[in-house]
């Protein structure tokens, strides 16, 4: 595909997403029916679509229209390129710009420039204060690809060398002692020797740093209460000989954990809700609660535009229900760890305050934010001790 054909494909896909289609499903469907598109073409079209979704409002301003075509015009202008060089109508390229399109477009300001819904910008400012705009701007850019090095098996320098053997370039990242940032060849990771041998695991840097912040001395048992794919449980398993258990209200989310644990050489036991003990046997219960995911909107930009105030309220209510349930499983003197990948105070500090005010017998030891401008995703971690 030519560069122009890739832009035209992105325009059509963006219009499909505008009508309510899921970005991943729309892209997958297009890839299956577009056998002419090679892997490089599919990757380029995907990059176009996701970057527009990150900058949905600002690109519409620059392009002069809230359509896939308008936003791709805006995307090119944002890069300092002349859209007329791509919109030629030749081959499968988009049709040439009209006189109206040539003169349309304005510089975005306010929430348009920050690519947030107006009400979300208000939440950012209430949550992050003077850092709100910097966080919003960071979410307009592509997220780095990071891996966690299993320090039982290799140093970070060792891993860099092994990855280089598979034409994957990487560099040490300061966010965590285990973190490497992939600087080239990221799409080859899943086939690399370092990955297949369990030397590395894909995990964002802030998630790595958060798991490093959990104190594990003397801990005999850990329950990851909202485990999902199990990345945090795996990180803890590489630092501790404690018995590790994982649970999720939707067991299908945990289906990849056995294979990941086997590759890492660790033992992790999956528990259905019906198998959770009634008493409080766990030294640590990690509660990585369902949330808006606002700290990960670089990776899932579609979610940024689909979050509503009603959905946020429903999430905070769910978080307030989950915390006491998780707390009931913590042994005396044990730790309850509450985490989200959200930047919003309503899902973080407010939930901890509400929990401590309604559930007696707990002490907050530390709460920490990992900002999206630190290099990883936005993340929140609170550590509480049962008295």
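Summary table below
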{"read-out": "Subset of the range 260-278 [without any contact (Cβ under 8 Å) to a residue 40 or more places away in the chain and under 20 Å from residue 207 (Cα atoms)]", "value": "261, 266, 268"}
{"read-out": "Answer residue from the range 78-95, given it is free of Cβ contacts under 8 Å to residues at least 60 places away in the same chain and in contact with a helix residue (DSSP H, G or I) (Cβ under 7 Å, 6 or more places away or on another chain) and is surrounded by the most Cβ atoms within 10 Å (Cβ to Cβ) among those", "value": "83"}
{"read-out": "Residue 320 out of contact with any strand residue (DSSP E or B) (no Cβ under 7 Å at 6 or more places or on another chain) and in the same structural domain as residue 297 (by TED's automatic domain parsing)", "value": "yes"}
{"read-out": "Residues satisfying the stated conditions in the range 201-226, i.e. assigned to a loop (DSSP other than H, G, I, E, B), over 23 Å from residue 172 (Cα atoms) and touching a residue at least 24 places away in the same chain (Cβ under 8 Å)", "value": "215, 216, 218, 219, 220, 225, 226"}
{"read-out": "Residue tally, condition under 27 Å from residue 180 (Cβ atoms) and surrounded by fewer than 23 Cβ atoms within 10 Å (Cβ to Cβ), over the range 357-381", "value": "7"}
{"read-out": "So residue 129, is it free of Cβ contacts under 8 Å to residues at least 12 places away in the same chain, under 23 Å from the mean Cα position of the chain (by Cα) and loosely packed, with under 13 Cβ neighbours inside 10 Å", "value": "yes"}
{"read-out": "Unique residue being part of a loop (DSSP other than H, G, I, E, B), under 22 Å from residue 173 (Cβ atoms) and in the same structural domain as residue 152 (by TED's automatic domain parsing) when the list is 198, 229", "value": "198"}
{"read-out": "Criterion violated by residue 48 - all others in (1) assigned to a helix (DSSP H, G or I); (2) under 24 Å from residue 143 (Cβ atoms); (3) out of contact with any helix residue (DSSP H, G or I) (no Cβ under 8 Å at 6 or more places or on another chain) satisfied", "value": "(3)"}
{"read-out": "Residue in the range 171-194 that is under 24 Å from residue 252 (Cα atoms), touching a strand residue (DSSP E or B) at 6+ places or on another chain (Cβ under 8 Å), buried (at least 24 other Cβ atoms within 10 Å of the Cβ) and outside the structural domain of residue 273 (by TED's automatic domain parsing) present", "value": "no"}
{"read-out": "Helices (runs of 4 or more DSSP H) wholly inside the range 267-362 containing at least 1 residues that are under 26 Å from the mean Cα position of the chain (by Cα) and over 28 Å from residue 120 (Cα atoms)", "value": "309-327"}
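Each row is one residue, and each column tells you yes or no for (1) buried (at least 18 other Cβ atoms within 10 Å of the Cβ); (2) under 22 Å from residue 24 (Cβ atoms).
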position	(1), (2)
262	no, no
284	yes, no
306	no, yes
330	yes, no
343	yes, no
347	yes, no
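The values are calculated or read from the model by the stated rules, or taken from the named source; none is laboratory data. Please read all numbers here as calculations on a predicted model, not as lab measurements. Because the Cβ atoms are built from the backbone with ideal geometry, glycine has one as well, and the counts that use them run over all protein chains shown.
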